[in-house]
Structure formats: C-alpha cells, structure tokens
Amino acid sequence: MESDGSTAPETLRGLLDLTRLGNAVAAGVLTFTGAFVAAGLDSSVVAVVASVAATVFATAAGNAVNDYFDRDIDRINRPDRPIPRGAVSARGALAFSVALFLSAVVAALALPPVAIAIAVVNLLALVAYTELFKGLPGVGNVVVAYLTGSTFLFGAASVGQLTDSAALVLFALAALATLTREIVKDVEDLAGDREEGLRTLPIVAGEGVALRLGAAVMAVAVAASAAPYLLDVFGVVYLAIVIPADALMLSAVRRSFSDPSTAQRRLKRGMFLATAAFVIGRAVDVVAVV
C-alpha cells in the first residue's frame, strides 16, 4: 500500500491517519455509551465488544474511503492528509478501506438482526456519502448527523434495547448537534468546496442562512436534552451536567458567525459533555439499584 517514494513507517503512519483513529475510537465509545445508557450493566459482554469493534472498524473504513474520494479537494483544503502528501497511494487507501469494512461486517455478525440491519444501512451510507450525498445542499450534513447519532442506536440495538427512551433522546440530541456542527464546518471549508464545484448549503443558500439554520437546529437539540429529566428517566445529577453542555454548544453557535473553526471545535466538546451527562445519569441509577 506504499505510494511512490514513501517508506514503510511513513506508509504505516499514513494508514493510521486515514482512519482518523481518534474519531474511530470515539465512535466506539459512543456505541458503548448507547449500550450502557439503554441497558446499564444488564447486557451481554460479547454483544457490547462486537458492537464497539464493528463501529471502530466501520468508522475507520468510512474515513479512509472518504479520503480516497476527497483526494482532489484535499489538495486544497487538507494538503497534510495522507494521499495529498504522498504517504499512501489512492489505490492503497481504497484497498485499506475495503479491508476495514470487511472487518466491521465480521464483527457485526455476532449481533442481533436489528443491530445488523443498522450496521448495513450505515455501511452503505458511509460508502455513498462522498460520491452521492456530500455535494448536495444539506443532504450530506443530514447523513453525517444520522451516522453520528446512530452509533447510540446501534449500541442500544446490540443489547436488545433499541426502544429505550434515554437512548432515543441521546440519538436525537447527537444527530441534531452534529447537523449544526457539519453546517459550521461547511462554512469553514467554503473556499475549497467552491473550488471543487460542490453545492454545499453555505454555497447555495449563503453563509448567514446556513448558520441561522444551524442555530435553529441546535435550539431544538437543547430542548430535547431536557426530556430525560422531564420524563423522570434521569435525575438532577444529569440535569446539572447537561445544562453546562447546552450552554457551551449554544455559545459555540453564536461564535460560529465570526469564527467557524473555533466554533465547531467547541461544539464537539459540548457534544461529548452532553454524552457524559447521559452516562452519569444512567450510572447513578445503577448505583441506586445496587
């Protein structure tokens, strides 16, 4: 999988960079979170491990194939990515992504049928994202938002708790917050996307319209975050953590109008803090039962 002129260590580093390992592992953590929020400690260890492994492999594969399809635009927006910098060839990146996809499929075979169905839909969406959806105004953003939120659903489905109310709210919150973040990222990448001829939401509708839409979506996400407390699923500890998370995400949305790069990073931190609220909320319930 080495590209012309690259050494083995450079190629290995390039392959790891293709996976965006931190993001892949984070997605696995989100799947584990979905399983824990839905079932607490009453879940199969095999199912949890298989679902986390499938998520990590699938996310890494999606990142790698995205770099393959995005190799031309990355020469403008991300020249330090593995293919533009020559660490990995385009063909090598594609072969690597296929191997990762197959690994995800093998891991998913240990899961219940509904979880396998979610995995299949997500794998197809990952493969189709760059070529079919990314350049459609808003559509690519929605696909990425769904994929992020679905990691929680996948975790819940893997332990037989797809309809758990907390997991469903967590899915909605994550998907909506991610949609806002993706819109902000499109504003950040406006120059390269326009050069490539993509029709992203900020290009078609304008930066101001796109950012205002992102702010409206985030307002819905913040409102949804109150549901577990109002429905008496989680208690005041959950509320004490999710409120600062909501405040951080709302402040990030406001910052996006002047500094999209900083805003999208703050949105990501706020999303992880909100996820922690769900985990701690369920942990409090588990301790109370014990």
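The values are calculated or read from the model by the stated rules, or taken from the named source; none is laboratory data. Just so you know, these numbers come straight off a predicted model, no measurement behind them. Using ideal geometry, Cβ is built from the backbone for each residue, glycine included, and neighbour counts are taken over all protein chains shown.
Name every residue in region 247-274 that is out of contact with any Leu (no Cβ under 7 Å at 6 or more places or on another chain) and under 18 Å from residue 30 (Cα atoms), in order of residue number. Talk me through it step by step, then tell me what you get.
Keep residues of region 247-274 that are out of contact with any Leu (no Cβ under 7 Å at 6 or more places or on another chain), which gives 247, 250-251, 253-255, 258-265, 267-268, 271-272.
Within region 247-274, 265, 267, 268, 271, 272 meet the criteria.
Sort out which residues of region 232-290 are among the hydroxyl-bearing types (Ser, Thr, Tyr), closer than 15 Å to residue 217 by Cα and without any contact (Cβ under 8 Å) to a residue 60 or more places away in the chain, and write them in order of number. Let's see the steps before the verdict.
Going residue by residue through region 232-290, those that are among the hydroxyl-bearing types (Ser, Thr, Tyr) are 238, 251, 256, 258, 261-262, 275.
Restricting the remaining residues to those that are closer than 15 Å to residue 217 by Cα gives 251, 256.
The answer is 251, and nothing else.
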Kindly provide the set of residues from region 149-166 that are β-branched (Val, Ile, Thr) and surrounded by fewer than 21 Cβ atoms within 10 Å (Cβ to Cβ), ordered by number. 163
Scanning region 156-207 residue by residue, the ones that are closer than 24 Å to residue 54 by Cβ, among the β-branched types (Val, Ile, Thr) and out of contact with any helix residue (DSSP H, G or I) (no Cβ under 6 Å at 6 or more places or on another chain) total 1
Given the options 111, 170, name the one that is in a helix (DSSP H, G or I) and either among the hydrophobic types (A, V, I, L, M, F, W, C) or within 15 Å of residue 59 (Cβ to Cβ) (or both). 170
From the set of residues in region 120-137 that are part of a helix (DSSP H, G or I) and either of a type in the set (D, E, K, R) or modelled with pLDDT of 90 or more (or both), which is nearest to residue 68 (Cα to Cα)? 131
Selection from region 29-46 of residues closer than 26 Å to residue 144 by Cβ and in contact (Cβ under 8 Å) with a residue 40 or more places away in the chain yields 30, 31, 32, 33, 34, 35, 36, 37, 38
Listed by range, helices (runs of 4 or more DSSP H) wholly within region 185-290 having at least 2 residues that are among the small types (Gly, Ala, Ser) and out of contact with any Asp or Glu (no Cβ under 8 Å at 6 or more places or on another chain) are 190-196, 207-225, 236-256, 260-289
Looking at (1) within 30 Å of residue 161 (Cα to Cα); (2) crowded, with 20+ Cβ neighbours inside 10 Å; (3) at pLDDT 90 or above, find the lone condition where residue 92 falls short. (1)
Regarding region 25-44, can at least one residue be identified that is hydroxyl-bearing (Ser, Thr, Tyr), surrounded by 17 or more Cβ atoms within 10 Å (Cβ to Cβ), within 30 Å of residue 274 (Cβ to Cβ) and modelled with pLDDT under 90? yes
From the list 104, 117, which residue is surrounded by fewer than 22 Cβ atoms within 10 Å (Cβ to Cβ), small (Gly, Ala, Ser) and either in a helix (DSSP H, G or I) or modelled with pLDDT of 90 or more (or both)? 117
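Only one of 260, 228 is within 23 Å of residue 151 (Cβ to Cβ), crowded, with 16+ Cβ neighbours inside 10 Å and not basic (Lys, Arg); which? Before you say what the answer is, go through the steps one by one.
Working: 260 fails: within 23 Å of residue 151 (Cβ to Cβ).
On inspection, the qualifying residue turns out to be 228.
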Filtering region 120-141 down to residues that are within 25 Å of residue 108 (Cβ to Cβ) and surrounded by 16 or more Cβ atoms within 10 Å (Cβ to Cβ) yields 122, 123, 125, 126, 127, 129, 130, 133, 134, 140
Can you tell me which of (1) modelled with pLDDT of 90 or more; (2) surrounded by 15 or more Cβ atoms within 10 Å (Cβ to Cβ) is the one residue 244 doesn't meet? (2)
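Quick test for you: out of 169, 187, 159, 144, pick the one residue that is in contact (Cβ under 8 Å) with a residue 24 or more places away in the chain, under 17 Å from residue 220 (Cα atoms) and out of contact with any strand residue (DSSP E or B) (no Cβ under 7 Å at 6 or more places or on another chain). Before you say what the answer is, go through the steps one by one.
Working: 187 fails: under 17 Å from residue 220 (Cα atoms); 159 fails: under 17 Å from residue 220 (Cα atoms); 144 fails: under 17 Å from residue 220 (Cα atoms).
After ruling out the rest, the residue left standing is 169.
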Is at least one residue of region 79-87 among the acidic types (Asp, Glu), farther than 26 Å from residue 172 by Cα and within 17 Å of the chain's Cα centre (by Cα)? no
Matching option when the condition is within 15 Å of the chain's Cα centre (by Cα), at pLDDT 85 or above and closer than 21 Å to residue 196 by Cβ, among 149, 140: 140
